[in-house]
Amino acid sequence: MNLLREAEETLCPVNEPNVEVPSGATGHYLLGLIYRYTGRVAAAAEQFTQALTLDPLLWAAYEELCILGVAEDANECFTEATALRLQQEQTSTSNLEKSNFVNENRVLSPNVSASLVDISPKHIKQLPANNTAEVPGYPHLRATALHVQNSVQSNVGQFDSPSPTVTQTSGIVPPPLFRNLHAYQNTTSGDAPAKPKVNAVNQPPRRKYLDEARLKKVTGRLFNPSGDSVPRRSARLSRDTPINSNSNISQFGGNGSDHSSGKLRVNSSTSSKLCSTAIRSVQVRKGKPRATENFDEGSRYEAVDEMWTDNIAATSSSLSIAEGRYFEQDKAERTLSQDSKMATGIRELLGLLRTLGEGYRLSCLFKCQEALEIYRKLPEPQFNTGWVLCQVGKAYFELVDYLEADHFFELAHRLSPCTLEGMDIYSTVLYHLNEEMRLSYLAQELISVDRLSPQAWCAVGNCFALRKDHETALKNFQRAVQLDSRVAYAHTLCGHEYSALEDYENSVKFYRCALQVDERHYNAWYGLGVVYLRQEKFEFAEHHFRRAFQINPRSSVLMCYLGMALHALKRDEDALEMMEKAIFSDKKNPLPKYQKALILVGLQKYQEALDELERLREIAPHESSMYALMGKIYKQLNILDKAVFCFGVALDLKPPAADLAIIKSAMEKVHLPDELMEDDDL
């Protein structure tokens, strides 16, 4: 929305200058962007540095510092001390999360243990028969029992609901006599007791039998003169229980008139105290009245409930102790393993950031050869990524090695066809290589990916500029500026097209707009220098070329144009020195060699000029201007046949229209004395 003032007031209110920037590192990063977009470079650098201090892994902040040209060495930014700090912060955060998790478990675990202990066979007996889902770890418990126990208070009296009426129990088979589910599951189909089939309508309710049994017991005690004639309840239980607890066969009687006895077989290898107790609890005496039998059954189950509860509590206690020891050991091992992996991961990440950061910092300082050496140190999986390949292509572009730049840009585009970053530079590479068809195809691809991206319209503009259709190219570059006014390169390309149309006023305007976006955009300083050089404002030209040279001190093109400005100011010695630096910086660049020869001709050092042109012919054998200058030198040396030959070769190479007339005039006047030659001739 481009509401920079409102965003700044939100992050840093005017009325509260000492207030802390919200959101930590992210807030400082956003405030740095605002300062950068509004031209406050020093304040922006301070905010980016603060953001990187708070969060060393905030790569975007370091990237912005590199763009501003004030980033420190990546080896000093992503150090081992930073790795140790990150590891400590991560460990403290992990310990805090674990402590919170343990506290939550301590609150929940007593409730869960109480729920498991409170469940007894009597409670399970009262549940519906169809709810038979087992509880993991306790096969004799059911999920329904747990659900009921958690939702209802653990009061035994609340489970004793009144017996259903006759109409409610019609058609329902009564439950079996014994309720021990665990023992009943171990029975086989052949040995299972036969269940009596009694009509539920004729069967009296269960409450009636219990009341009759209590009444008979009380009556017997009142009218029996001897209190010992009626055995106590504990004596009856001990008498009815078999003496041998390891017996595998127990007899029982069924309810009703047609009792059928059977045998309950239990595997002796899997028997336990709990299982034996359950088997003994289901035995009844033959010939016992039904009312007394049901009454005794209720009493026996109360005893079994207590034993079952004690067994569950003991089992849970032993399991919890064993599991606690194992958990502590496993926790210690996992903690050591996680700490080791985390430390290794942080070191590897910071090592990768050191390599990428140092390479990107050197690229932004236009130390491209050193940056390429750093990028080559990356592992192959990291090197063969779209971002790294694009940065390598930009480095070769700054080195004026367009063939290598084309190779790496093509790899990056093939690997990540939807990435638009750097594609404007790639289109300029194809422009310099005169790859019209490939440039047109690239522009169509970028438009199909995102027609609202400035990179796509820059590629379209370069395509028309290659066809010398400068007006159409200018419209496309202006479209790119309209889509994103913060792309400095789009402003610069507009300035180049206006300069080609000799509209220097608008050209200067767009170059200055580019510098407002990015003060370190040396292409704009170079464009201004070229405009002033053509307007013969040599002092202005020298100033702007020098500013561009200070930003990019490795560019042989900038050195060459600065030398041309110095030569125009009659500072030939300084100009020759600058040309020597340009030639040394890039021996494949023909422009500084040609300009050096021109300066030597002005100093009347003809033989040195011829030697330089001979070296130039090895690099660029098809330059018409080179042969034209050689013809002029041979004429000055009075070697007329070679002069005519060189002028003829220059004409055969189809020079530009502006040079064509000058070369023809010099060729026609080759036999005239120097006094009759005009100053404008060559």
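For T355, are the conditions met, namely being within 30 Å of I551 (Cα to Cα) and within 21 Å of the chain's Cα centre (by Cα)? Working first, answer last.
Values: within 30 Å of I551 (Cα to Cα): yes; within 21 Å of the chain's Cα centre (by Cα): yes.
For T355, the condition - within 30 Å of I551 (Cα to Cα) and within 21 Å of the chain's Cα centre (by Cα) - is met.
Scan region 365-385 residue by residue and report those that are open to solvent by less than 20 Å² (accessible area, probe 1.4 Å) and either at pLDDT 95 or above or under 28 Å from Y526 (Cβ atoms) (or both). Explain how you work it out, then say what you get.
To start, the set of residues in region 365-385 that are open to solvent by less than 20 Å² (accessible area, probe 1.4 Å) comprises 368, 371-372, 375, 378.
If the condition is that a residue be open to solvent by less than 20 Å² (accessible area, probe 1.4 Å) and either at pLDDT 95 or above or under 28 Å from Y526 (Cβ atoms) (or both), then C368, A371, L372, Y375 are the ones that fit.
Among the residues in region 59-73, are any on the phi < 0 side of the Ramachandran plot, in contact with a Lys or Arg (Cβ under 6 Å, 6 or more places away or on another chain) and in contact (Cβ under 8 Å) with a residue 40 or more places away in the chain? Scanning region 59-73 turns up at least one residue that is on the phi < 0 side of the Ramachandran plot, in contact with a Lys or Arg (Cβ under 6 Å, 6 or more places away or on another chain) and in contact (Cβ under 8 Å) with a residue 40 or more places away in the chain.
Residue-by-condition table, conditions (1) of a type outside the set (F, W, Y); (2) touching a residue at least 12 places away in the same chain (Cβ under 8 Å); (3) in contact with a Ser or Thr (Cβ under 8 Å, 6 or more places away or on another chain):
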| residue | (1), (2), (3) |
| --- | --- |
| L442 | yes, yes, yes |
| R451 | yes, no, no |
| N462 | yes, yes, yes |
| R479 | yes, yes, no |
| Y489 | no, yes, no |
| H496 | yes, yes, yes |
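Against the test of being among the charged types (D, E, K, R), open to solvent by 20 Å² or more (accessible area, probe 1.4 Å) and at pLDDT 90 or above, the options K605, K654, K664, K669 yield a single qualifying residue, K605. For region 3-52, which positions are open to solvent by 80 Å² or more (accessible area, probe 1.4 Å), part of a loop (DSSP other than H, G, I, E, B) and among the hydroxyl-bearing types (S, T, Y)? Across region 3-52, the qualifying residue is only S23. What do you reckon, is P592 in a loop (DSSP other than H, G, I, E, B) and open to solvent by less than 60 Å² (accessible area, probe 1.4 Å)? No: the conditions fail for P592. Quick one: in region 558-588, of everything that is open to solvent by less than 90 Å² (accessible area, probe 1.4 Å) and outside any helix (DSSP H, G or I), which residue is nearest to E542 (Cα to Cα)? By that ranking, first place goes to L569. Looking at E539 and the list (1) within 52 Å of the chain's Cα centre (by Cα); (2) open to solvent by less than 30 Å² (accessible area, probe 1.4 Å), which single condition is not satisfied? Here E539 clears every test but (2).
Taking first residues from region 341-356 that are open to solvent by 30 Å² or more (accessible area, probe 1.4 Å) and partners that are part of a helix (DSSP H, G or I) and at pLDDT 85 or above, the Cβ contacts under 6 Å between residues at least 6 apart in sequence or on separate chains come to R354/A74; R354/N75. Helices (runs of 4 or more DSSP H) fully within region 368-453 that include at least 3 residues being among the hydrophobic types (A, V, I, L, M, F, W, C): 368-375, 386-398, 402-415, 423-432, 436-449.
Which residues, taken from region 502-531, are of a type in the set (S, T, Y), closer than 26 Å to L365 by Cβ and open to solvent by less than 40 Å² (accessible area, probe 1.4 Å)? Can you show your working first?
So the first thing to find is which residues in region 502-531 are of a type in the set (S, T, Y), and the list is 504, 507, 511, 522, 526.
Checking the rest, the ones that are also closer than 26 Å to L365 by Cβ come to 511, 522, 526.
The answer is Y511, Y522.
Looking at the structure I just gave you, is D424 closer than 27 Å to I583 by Cβ and in contact (Cβ under 8 Å) with a residue 24 or more places away in the chain?
Details: closer than 27 Å to I583 by Cβ: no; in contact (Cβ under 8 Å) with a residue 24 or more places away in the chain: yes.
Criteria not met by D424.
Yes or no, residue by residue, for (1) among the aliphatic types (A, V, I, L, M); (2) at pLDDT 95 or above:
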site: M423; (1), (2): yes, yes
site: Q444; (1), (2): no, yes
site: A459; (1), (2): yes, yes
site: F464; (1), (2): no, yes
site: K468; (1), (2): no, no
site: R479; (1), (2): no, yes
site: T492; (1), (2): no, yes
site: H496; (1), (2): no, yes
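L682 meets each of the listed conditions (1) at pLDDT 85 or above; (2) outside any helix (DSSP H, G or I); (3) more than 60 Å from the chain's Cα centre (by Cα); (4) under 22 Å from K593 (Cα atoms) apart from (1).
Contact map, region 535-564: first residue on the phi > 0 side of the Ramachandran plot, second residue of a type outside the set (V, I, T) and open to solvent by 40 Å² or more (accessible area, probe 1.4 Å), Cβ cut-off under 7 Å, separation 6 or more or different chains; the map is empty.
For region 65-81, the candidate set comprises residues that are open to solvent by less than 20 Å² (accessible area, probe 1.4 Å) and in a helix (DSSP H, G or I); within that set, the residue that is nearest to L11 (Cα to Cα) is L65.
The values are calculated or read from the model by the stated rules, or taken from the named source; none is laboratory data. Predicted model, so just to flag it, every value in this text is computed and none were measured. All Cβ positions, glycine included, derive from the backbone under ideal geometry; neighbour counts span all protein chains shown. Quick note on the areas: whole protein, heavy atoms, side chains included, nothing else; ligands and nucleic acids left out. Shrake-Rupley method; radii C 1.70, N 1.55, O 1.52, S 1.80 Å.
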